[in-house]
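Chemist: Here it is: the structure, laid out below.
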């Protein structure tokens, strides 16, 4: 019974680790999007990087030649860009993307970089809390990943251990490490959600949404939470049974 419990913990830890590493490497935790007649701007924020896309809407060359003049959208692009700069200080226009692309030029058109960069993203007072939130979330997820790896190693060592004592009491280490890793995942999730709710002083008509990586992290820590509860509860019952002699492990009764 104890061996199956540790194998279950190992499988759960691997699943949580894969989901968490994937979500941590994605930028689409929070998506900021603003559209007008000329520009469509999308920015994605994640714990380790940010990706942005600026699409300039222009008419096709055939329509321009047919009309004999430039498209009105093309004529107004520079004015719209200036207006965008003047009214959207957060995030500033140069930070949105390293390239302005037409939608058909790339598969998704996103340009990514590391985030947050303290010298670039955290200069103003309004930006600082947002940067701190993502820095803390990133560190929490990285530490959570380390603890998940430690829980996997502990589960494997316990499964292959020849000591009945390790079989009975190993749940404390395995379950404790998984619980700590899950708690850090919850902390990162809560911090990003709080930033989504409260740390956006400059919307200016833009829309905010939570992306797939955010919900993947939710699934990851829910799996980790259920697995931690299962391992700790099962291990406690097994230890109690071994202590009372009701269910000795390989002839071992805990005194």
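Values in this text are rule-based calculations from the coordinates and carry no lab data. The structure presented is a predicted model; accordingly, all values stated were derived computationally and were not measured. FYI the Cβ positions are ideal-geometry reconstructions off the backbone, even for glycines, and counts take in every protein chain you see.
Chemist: How much length is gained if the chain between residue 128 and residue 210 is pulled fully straight, taking 0.36 nm per residue apart and subtracting their Cα-Cα distance, in nm to one decimal? Please list the in-between numbers first.
Modeler: Details: separation 82, 0.36 × 82 = 29.52 nm, distance 2.07 nm.
Here the segment from residue 128 to residue 210 would lengthen by 27.4 nm.
Chemist: Sticking with the crude label model, points 7 Å out along Cα→Cβ, report the distance from residue 233 to residue 18 in nm, one decimal please.
Modeler: That separation, rounded to one decimal, is 2.5 nm.
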